[in-house]
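Read the structure below first, then the notes.
Please treat every number below as a calculation from the coordinates, not as lab data. None of the values given here were measured: they were computed from a predicted structure. Please note: Cβ atoms are built from the backbone with ideal geometry, for glycine as well, and neighbour counts cover all protein chains shown.
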Amino acid sequence: MKLLRKLDLIPRCVLPLQKGFSTDLPNLLGIPRVKIPEGQSRYLLLMAHSHGYTRFGRTIVRGADVPHLKIFDQALEEMEPQGICAKCLGGGMIHNDVSGKKIRIYGFSSTFGNADHFRTKNILQSWSTFRDFEIIINN
């Protein structure tokens with residue numbers, strides 16, 4: 001009888017583990033970490049995650065020469081068909097000089113607040129396209 005009671009507890013222990021490891025990681029890994037245009041533009045730092053699984057996220061950078069709110073809407077349109085949500089961590093300005101291999105990160109978003117520019121720099125440096133770029137942060 002005691003054994004049956006203990007066996008009854010197993011589903012309660014396994015269910016949280018199953019939820020934690022059944023995320024849509026392939027979909028999340030399929031999203032490029034960086035999309036910024038050449039020249040001066042606005043950018044957002046976003047946390048992308050599967051619907052309902054906020055612990056397992058991926059920080060991405062999106063930029064465009066449109067208002068910050070439009071960048072956020074474009075990012076959501078890109079990710080929602082794959083079952084991915086996004087939370088905005090802040091924004092700023094970015095100047096991408098491809099010919100001089102320099103990137104300057106500065107400013108803030110009046111809509112979403114200030115992004116962590118050092119975190120943005122780390123993401124850009126980890127991306128193969130910008131690995132040999134000089135990245136400068138101005139506050």
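Descriptive notes on the structure:
- Dividing the mean sequence gap of close Cα pairs (under 8 Å, 6+ apart) by how many residues the range 24-137 holds gives a relative contact order of 26 percent.
- Enclosing the Cα atoms of the range 51-139 in their convex hull gives a volume equal to 110 cubic angstrom per residue.
- 13 Å tail of the calculated P(r), the range 57-96, as % of Cα pairs: 52
- Summing charges over neighbours of K35, with a neighbour being any other residue whose Cβ is under 9 Å away from its Cβ, gives +1 when K and R count +1 and D and E count -1.
- Taking amide H atoms as placed 1.01 Å from N in the peptide plane, the amide H of F133 has no partner under 5 Å among residues 5 or more positions away or on other chains.
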